[in-house]
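> Got a structure here, written out as structure tokens. Questions coming.
Derivation of every value follows stated rules applied to the coordinates shown; laboratory data play no part. The structure displayed is predicted, hence computed values, not measured ones. Positions of Cβ are generated from backbone atoms using ideal geometry, with glycine treated the same way; all protein chains shown enter the neighbour counts.
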Amino acid sequence: MLQSKRWKKIFFFGLFSAICFALLSLAAIQERNLDVPYVPTPEEVVEAMLAMAEVSKDDVLYDLGCGDGRIVITAAKMYGSRGIGIDIDPQRIKECHENARKAGVESRVQFFQADLFETDFSKASVVTLYLLTEINRRLRPKFLEELNPGTRIVSHDFNMGKWRADKDILIEDEWEVHSVYLWIVPANVTGTWTWSMPTGSGNKNFTLNLEQSFQYLNGEAFENKVSLPVTISGGQIIGNTLSFTVERKQGRSSERLIFEGNVLGHSIVGTVKTEGHENTRRWEAKRDPSTRLPLDSPVKDFYTLNQ
Ligand SMILES: C[S@@+](CC[C@H](N)C(=O)[O-])C[C@H]1O[C@@H](n2cnc3c(N)ncnc32)[C@H](O)[C@@H]1O
């Protein structure tokens, strides 16, 4: 009788401990504040992401929400790149360290337990993501303001709202079809640019007001500030390289000037040529720094989340 009472006590104590453990684990998971649950990217998709970003040994790759570290580790193994993985879950970071050791790439990779929203990833030349469109959208202003122009961002399955990908592909494995998106961070060229340039009718001063929607450019050009504005066409910016065409009316005829240049802060250095002609002339423009505008706005509400 006494024996069975003892076993009952042990049984209930054990059950109580198990319930406490389950509740604590649940609280710990909630405390970790996962914005996205852990789902690993299949290896063939990892390889397609790295190929799409054209990763090389000179790259510094950041995987935001790195899971078991597979993207950072595969990049180091296949291309010799350096990599940093960020995950909020300590269990994942433990796995990353073990996997890096097994793959023999410990000297090229680092893993940190941190919240990706509070991480400085401005030194990245490649950023990889397997998050959610909503999280990508929240990160978007930070990508556009803090990453160097030309940085490649690759995302598994989730896009970036209104910022259209520069390239996207589908990868089919035995279970499902995966999308992979690539964006190249554009330089911010918004604002008022001026330059002077010889034309058929003498030296002229030009003013260009540029508006930018991610990698696409719109704007108006003025000659000597007095002529009617001329709309630019085909304007785009890929990393630091911009190009656009200005159509100049000269009496009844018109000529199309093709501008190409590299942006460095508030200067552009490049060339201009008349469409249909081979000769190029040097072109150098300066921006009034006070006219530069941010490329994106932070998410404030449901409406902006879906933009
Ligand atoms: C879908 S998994 C992707 C894992 C890995 N990047 C891959 O592609 O295999 C998302 C990861 O993000 C992590 N995560 C979720 N919210 C996070 C946050 N706020 N900061 C950092 N990591 C987070 C999760 O722990 C999970 O490992």
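> Summing +1 for each Lys or Arg and -1 for each Asp or Glu, what net charge is found among the other residues whose Cβ lies under 11 Å from the Cβ of residue 307?
Every neighbour counted, the sum reads +2.
> Ranking 195, 183, 163 by Cβ neighbours within 10 Å, fewest first, what do you get?
Least crowded to most crowded, the residues run 195, 163, 183.
> Once the Cα atoms of helix 90-103 and of the chain are each reduced to a long axis, what angle between those two axes, in degrees from 0 to 90 to the nearest 10, is obtained?
On a 0 to 90 degree scale, this one is about 80.
> What ranking do 210-220, 124-134, 291-301 get when scored by the average of other Cβ atoms within 10 Å per residue, highest first?
Per-residue Cβ counts within 10 Å, averaged per peptide and sorted highest first, yield 124-134, 210-220, 291-301.
> Right, here's the next one. Who wins for biggest fluctuation among 284, 47, 176 in a Gaussian network model of the chain, springs between alpha carbons below 10 Å?
Most flexible of the set in this elastic network: 176.
> For the chain, find the longest principal axis of its Cα atoms and tell me its angle to the long axis of helix 43-52, 0 to 90°, nearest 10.
Once rounded, the angle reads 20 degrees.
> Roughly how tilted is helix 70-79, in degrees to the nearest 10 and between 0 and 90, from the longest Cα axis of the chain?
60 degrees
> Please compute the net charge surrounding residue 142, taking Lys and Arg as +1 and Asp and Glu as -1 over other residues with Cβ under 12 Å from its Cβ.
-2
> Moving on. Quick query: amide H of residue 68 versus all other amide H atoms, modeled in the peptide plane; which residues come in under 5 Å with a sequence gap of 5 or more or a different chain?
For residue 68, no residues qualify.
> Counting only other residues whose beta carbon sits under 9 Å from that of residue 117, what net charge do I get with K and R as +1, D and E as -1?
-1
> What is the packing order of peptides 186-192, 156-162, taking the mean over residues of other C-beta atoms within 10 Å and listing the highest first?
Answer by packing, highest mean first, reads 186-192, 156-162.
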